[in-house]
Amino acid sequence: MAVRSENKPLRVAICGGGPAGLGAAIALSKLPDIQISVFEQARELREIGAGIRIGYNCWRVLELLGAADGVKGHHKVSVVHRRNALTGEVVGSAGPSKVPLKYHPRRVRRTRLQKALISKVPPGIIKLNKHVSSIEDLGQDGVRIVFRDGTETTADLVVGADGIRSTIRDSIFPEHKIKFTGTTIFRVLIPQHTIAHIPDLTAATQWWHGPAGHVYHSLVDDPSEVPEQERLFEIAARTVVDPETDAGPKFSWGIPATNEKVESQFKDYDPRIREMLAQVPEGQWKEFSAFAGPRLETLTGWDKVVLLGDASHPLSGAFGSGAAFALEDGWILARAIEHARAAGQPLATALEIFDAIRSPYYLKMYQHLDDQKRKMEEAKAANPDATFTSSLKERVYAFGNEESLPWVYYNNIEDVWQSFLKGQIKSSSLSSSVPQVVASL
Ligand SMILES: Cc1cc2nc3c(=O)[nH]c(=O)nc-3n(C[C@H](O)[C@H](O)[C@H](O)COP(=O)(O)OP(=O)(O)OC[C@H]3O[C@@H](n4cnc5c(N)ncnc54)[C@H](O)[C@@H]3O)c2cc1C
């Protein structure tokens with residue numbers, strides 16, 4: 001990497017202005033001698049995609065970033081129901097979370113999270129309308145970043161926070177490919193009062209599971225903040241097909257879908273769900289095709305590029321915690337750089353520390369998903385005559401929840417960092433084989 005003299009700041013180019021890029025910008029901007037730019041392809045920072053779950057792991061990192069107070073939403077105190085979508089029968093329920101009240105899960109408008117993060121990014125850092133089209137390793141001189149508009153810049157560290165279709169990931173790992181998972185998600189936010197007449201819908205956040213997909217709905221607003229007439233209601237309807245046999249066109253993110261297209265997928269669902277779908281004004285649905293890819297062996301490249309958020313672990317929202325993972329990544333990156341600097345170690349060491357903490361964590365997630373898939377296949381093979389209804393309970397709870405996956409949902413990133421400092425997470429970068437002070441950060 002470039003040898004930066006002590007009085008020259010570390011130049012950091014963050015590609016992407018989603019949760020990963022914004023979180024990294026906030027965490028890194030608190031370090032001294034650092035010059036940060038966030039390059040975002042969009043003309044304006046506008047979030048699409050309806051609601052998002054903020055749970056314990058996300059609240060902890062939002063607190064560390066100083067952004068927790070700006071995020072408000074529906075407090076999921078009420079029971080969460082899981083239902084058979086065909087009969088309406090409740091097949092499982094979960095009560096309020098056991099963590100302290102301020103860390104309870106909330107369902108929030110994604111715009112709220114984004115606004116809270118943007119408000120903590122120092123002014124002048126975010127450069128809009130800057131689509132990164134390629135990056136090039138310049139050896140000791142850093143990384144050249146080329147934009148679609150023909151301009152270019154150079155940085156000592158490139159942070160790939162450019163989402164599931166990451167250009168930065170493609171540059172450092174050209175063999176890595178993502179593909180359609182078979183899941184398509186239709187999402188929308190509608191005024192809450194338009195569905196208020198339908199029995200049971202606003203009482204709880206609910207999943208209505210069908211034979212090939214499910215419909216999820218939730219309130220997303222905090223009544224203390226949003227007047228009744230302005231409160232919104234989120235619907236996320238999923239269909240699942242076999243990706244090997246499905247030959248239909250795939251859309252990447254946020255493409256409009258017609259009401260007819262959405263409603264036709266859920267014709268056999270409970271009348272309450274059909275009535276709810278019928279309330280969505282034409283032109284409001286957005287369609288998202290889920291893509292995922294294999295696990296990356298490492299999240300860093302060229303000793304000066306690092307991947308954060310969806311760019312680093314294309315799991316396609318599998319744990320409903322993607323925003324938390326993205327924010328945790330950025331906070332750990334800042335700690336790793338701070339730590340390596342204090343020890344007079346090079347940037348490569350900071351990236352090794354980051355990788356030593358985050359790569360095994362993502363590996364554990366991939367292993368969990370593989371295990372679940374295997375268990376479901378074994379259960380199916382053991383009982384080939386099981387009907388949709390008889391196997392529903394097992395299927396619904398197969399994935400796990402807050403209690404059974406505490407290493408995901410109760411993750412406290414500050415404790416993780418303390419574990420690293422205590423030597424409980426090992427990094428080869430701490431061994432004496434790492435050349436001392438190639439370049440101070
Ligand atoms: C259906 C669905 C439901 C989900 N529900 C939840 C949930 O309830 N809770 C939760 O925590 N997570 C949820 N997630 C996951 C969460 O949305 C993501 O994990 C999170 O947005 C990842 O943030 P990110 O910054 O890594 O990527 P993104 O949010 O995708 O942001 C990437 C940014 O990079 C920009 N960009 C892309 N390419 C370039 C380029 N070449 N040059 C410049 N800029 C570029 C994009 O415009 C975008 O702004 C869900 C995901 C899906 C698909």
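The values are calculated or read from the model by the stated rules, or taken from the named source; none is laboratory data. Since this is a predicted model, take the numbers as computed values, not measurements. Please note: Cβ atoms are built from the backbone with ideal geometry, for glycine as well, and neighbour counts cover all protein chains shown.
Would you list the strands (runs of 3 or more DSSP E) that sit entirely within region 78-185 and hold 1 or more residues that are of a type in the set (D, E, K, R) and either over 22 Å from the mean Cα position of the chain (by Cα) or under 30 Å from VAL262 (Cα atoms) (or both)?
Once the strands (runs of 3 or more DSSP E) in region 78-185 are filtered for at least 1 residues that are of a type in the set (D, E, K, R) and either over 22 Å from the mean Cα position of the chain (by Cα) or under 30 Å from VAL262 (Cα atoms) (or both), what remains is 80-84, 106-109, 132-137, 143-147, 152-155.
Among (1) under 30 Å from TYR269 (Cα atoms); (2) away from the ligand (no atom under 14 Å from the Cβ), which single condition is HIS176 missing?
Tallying (1) under 30 Å from TYR269 (Cα atoms); (2) away from the ligand (no atom under 14 Å from the Cβ), HIS176 fails exactly one: (1).
Would you confirm whether or not region 67-81 contains a residue that is at pLDDT 90 or above and either loosely packed, with under 15 Cβ neighbours inside 10 Å or among the hydroxyl-bearing types (Ser, Thr, Tyr) (or both)?
Yes, because at least one residue in region 67-81 is at pLDDT 90 or above and either loosely packed, with under 15 Cβ neighbours inside 10 Å or among the hydroxyl-bearing types (Ser, Thr, Tyr) (or both).
Among the residues of region 313-330, are any outside any strand (DSSP E or B), on the phi < 0 side of the Ramachandran plot and touching a Ser or Thr at 6+ places or on another chain (Cβ under 6 Å)?
Checking region 313-330: not a single residue is outside any strand (DSSP E or B), on the phi < 0 side of the Ramachandran plot and touching a Ser or Thr at 6+ places or on another chain (Cβ under 6 Å).
Any chance region 47-61 includes a residue that's in a strand (DSSP E or B) and either at positive phi or in contact with a helix residue (DSSP H, G or I) (Cβ under 6 Å, 6 or more places away or on another chain) (or both)?
yes
Among the candidates VAL306, VAL226, VAL280, VAL262, single out the residue that is in a loop (DSSP other than H, G, I, E, B) and at pLDDT 95 or above. Reasoning before the result, please.
Working: VAL306 fails: in a loop (DSSP other than H, G, I, E, B); VAL226 fails: at pLDDT 95 or above; VAL262 fails: in a loop (DSSP other than H, G, I, E, B).
The unique qualifying residue is VAL280.
Please count how many residues of region 1-24 are surrounded by fewer than 23 Cβ atoms within 10 Å (Cβ to Cβ) and modelled with pLDDT under 95.
Start the filter on region 1-24 by keeping residues that are surrounded by fewer than 23 Cβ atoms within 10 Å (Cβ to Cβ), which leaves 2-9, 11.
In the following step, the residues that additionally are modelled with pLDDT under 95 were identified as 2-9.
Number satisfying all stated conditions: 8.
How about region 7-25: which of its residues are closer than 30 Å to GLY317 by Cα, in a strand (DSSP E or B) and more than 9 Å from the ligand (Cβ to nearest atom)? Show your work before the answer.
Of all residues in region 7-25, those closer than 30 Å to GLY317 by Cα come to 12-25.
Imposing the further condition that a residue be in a strand (DSSP E or B) reduces the set to 12-15.
Residues satisfying the conditions are VAL12, ALA13, ILE14.
Test of understanding: among SER432, SER390, SER440, SER419, which residue is at pLDDT below 90, outside any loop (DSSP other than H, G, I, E, B), of a type in the set (Ser, Thr, Tyr) and farther than 22 Å from ALA292 by Cβ?
Among SER432, SER390, SER440, SER419, only SER390 is at pLDDT below 90, outside any loop (DSSP other than H, G, I, E, B), of a type in the set (Ser, Thr, Tyr) and farther than 22 Å from ALA292 by Cβ.
Just one of ARG169, ARG148, ARG165, ARG144 is at pLDDT below 95, within 16 Å of the ligand (Cβ to nearest atom) and either over 21 Å from HIS313 (Cβ atoms) or in contact with a strand residue (DSSP E or B) (Cβ under 9 Å, 6 or more places away or on another chain) (or both); which is it?
Of ARG169, ARG148, ARG165, ARG144, the one residue that is at pLDDT below 95, within 16 Å of the ligand (Cβ to nearest atom) and either over 21 Å from HIS313 (Cβ atoms) or in contact with a strand residue (DSSP E or B) (Cβ under 9 Å, 6 or more places away or on another chain) (or both) is ARG165.
Mind listing just one residue for me: the one in region 196-242 that is touching a Lys or Arg at 6+ places or on another chain (Cβ under 6 Å) and of a type in the set (Val, Ile, Thr) and, of those, surrounded by the fewest Cβ atoms within 10 Å (Cβ to Cβ)?
The selected residue is ILE198.
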